[in-house]
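Encoded as structure tokens, the structure appears first; notes follow it.
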Amino acid sequence: MTTERTFSIIKPDATRRNLTGAVTKMLEAAGLRVVASKRIHMTQEQAEGFYAVHKERPFFGELVSFMISGPVVVQVLEGENAMARNREVMGATNPANAEPGTIRKELAESIEANTVHGSDSLENAATEIAYFFKPEEIVG
Ligand code: GDP
């Protein structure tokens, strides 16, 4: 059994529609435990830094604008195989391609406004957690 930590963001389309509880309920039902959580409004600089790996992609500007269009909830999730489990419950990037029962299939609005972010590797999870949380803010 491998207990892992991964990083999640409930995106502005979800906070706007008052779905933070609905998303968290689906994460918890998938066996993930929220061990840190805070609602923040990212600055442009913070969002650009967070998505720096995507800066050459054509949608980078739009993505950053979307991520600062409203508050988000940043979370650390803990559980067995948490990184992969979270990616599974999130569903495909484009909600049109996501499996039934996944967060994006059930709740997302579009390929951009797709309700949740989740780290795609353990290495990225560690970097992303450290980008938003101090160690003492994570209580397992
Ligand atoms: P993820 O790991 O499933 O979130 O997907 P990616 O790492 O490929 O993309 C990061 C985020 O960029 C996605 O979650 C979307 O919010 C956004 N995104 C991805 N593809 C597109 C696209 O083709 N157009 C736009 N506008 N946004 C996109």
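Points to keep in mind about this one:
- Which numbered condition Ala130 fails, given (1) among the small types (Gly, Ala, Ser); (2) under 16 Å from Ile9 (Cβ atoms); (3) near the ligand (Cβ under 10 Å from one of its atoms); (4) out of contact with any Pro (no Cβ under 8 Å at 6 or more places or on another chain): (3)
- Among all positions in segment 105-116, there is no residue which is away from the ligand (no atom under 12 Å from the Cβ), touching a residue at least 60 places away in the same chain (Cβ under 8 Å) and among the polar types (S, T, N, Q).
- Among the residues of segment 121-132, those that are surrounded by fewer than 15 Cβ atoms within 10 Å (Cβ to Cβ) and under 13 Å from Tyr51 (Cα atoms) comprise Thr127, Tyr131.
- Residue match in segment 43-60 (condition: away from the ligand (no atom under 13 Å from the Cβ), crowded, with 17+ Cβ neighbours inside 10 Å and within 14 Å of the chain's Cα centre (by Cα)): no
- Residues of segment 64-87 that turn out to be within 12 Å of the ligand (Cβ to nearest atom) and within 15 Å of Gly118 (Cα to Cα), as a count: 5
Each reported figure results from applying straightforward, stated rules to the coordinates on display, with no laboratory input. Source: prediction; values computed, not measured. So basically every Cβ, Gly included, is an ideal-geometry build from the backbone, and we count neighbours across all protein chains shown.
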